[in-house]
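Here's the structure we're looking at; comments come further down.
The values are calculated or read from the model by the stated rules, or taken from the named source; none is laboratory data. Not measured: the values here are computed from a predicted model. We place every Cβ from the backbone using ideal geometry, glycine too, and count neighbours over all the protein chains shown. These area figures cover heavy atoms from the full protein model, side chains too; ligands, DNA and RNA do not enter into them. Shrake-Rupley method; radii C 1.70, N 1.55, O 1.52, S 1.80 Å.
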Amino acid sequence: MRNPLVPFAAIAVIAIIAMISLSYFGVDQVKEARKGPSTAEMKPEDLFASKGCTGCHGGNLEGGTGPNLTKIGAKLKEDEIKNIAMNGKGQMPGGLANDEEAAVLAKWLAAKK
C-alpha cells in the first residue's frame, strides 16, 4: 500500500522551491515596476500636478487659494522656492516634496519671470 502523504509532500516541496525562486528572482522586478519614472525623468509640470500643487496654485500657475506663481522667479531665488516647496510657508504645509522633487520644481518655477 502506498503512503498517502507522498503526493502532499511533493506538492509542498514544489511550492517551497517556487516561493524561493520567486523571492530571489522576482523581488527586484516588482520594485522596478512600482518605482515608475524617476523625478529627473518627470516633466516639472507633471510633478507640479502630481504633488497636488494645482489645487491651490491653479493648473496654469494663476493662483487660487495659493499665490499666483506665473512670475515667481522675479520675486524669489531658486533656493528660496526650493525651501518653500520642501518646508511650506503660511498655509502651505511642508513635506509635500522631497529634496529632489523640490529642486526640480524650484528650477522650473525660478525660470518663470
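What net charge do the residues around residue 43 carry, taking every other residue with its C-beta under 13 Å from that of residue 43, with Lys and Arg at +1 and Asp and Glu at -1?
For residues surrounding residue 43, the net value is -2.
Among 63-76, 11-24, how do they line up from the highest to the lowest mean number of other beta-carbon atoms within 10 Å?
The peptides rank, most packed first, as 63-76, 11-24.
Could you give the length gained on full extension between residue 68 and residue 49, defined as 0.36 nm per residue of separation minus the Cα-Cα distance, in nm?
Contour length minus the Cα-Cα distance gives 5.3 nm.
To the nearest 10 degrees, how steeply does helix 78-87 sit against the main Cα axis of the chain, on a 0 to 90 scale?
Helix 78-87 sits roughly 50 degrees off the main axis of the chain.
Please compute the per residue accessible area over the chain with all protein chains in place, 1.4 Å probe, rounded to a whole number of Å².
74
Please state, to two decimals, what the Cα-based radius of gyration of the chain comes to when divided by 2.2 N^0.38 Å (N = residues).
Working: Rg = 24.8 Å, N = 113, 2.2 N^0.38 = 13.3 Å.
Cα-based Rg divided by the globular estimate yields 1.87.
Just to confirm the number: angle between the C-alpha axis of helix 99-110 and the first principal axis of the chain, 0 to 90 degrees, nearest 10?
The angle comes out near 30 degrees.
So, with a 1.4 angstrom probe, what is the percent of accessible area on the chain that is carbon and sulfur?
Working: 5100 of 8350 Å².
Ligands and nucleic acids excluded, carbon and sulfur reach 61 percent.
Can you give the extra length, in nm with one decimal, that the chain gains between residue 91 and residue 25 once fully stretched, where that is 0.36 nm per residue apart less the Cα-Cα distance?
Details: separation 66, 0.36 × 66 = 23.76 nm, distance 4.63 nm.
In short, 19.1 nm is gained.
May I ask you to rank 8, 48 by accessible area, largest first, using a 1.4 Å probe over the protein chains only?
Details: 8 140, 48 10 Å².
Output order, biggest surface exposure first: 8, 48.
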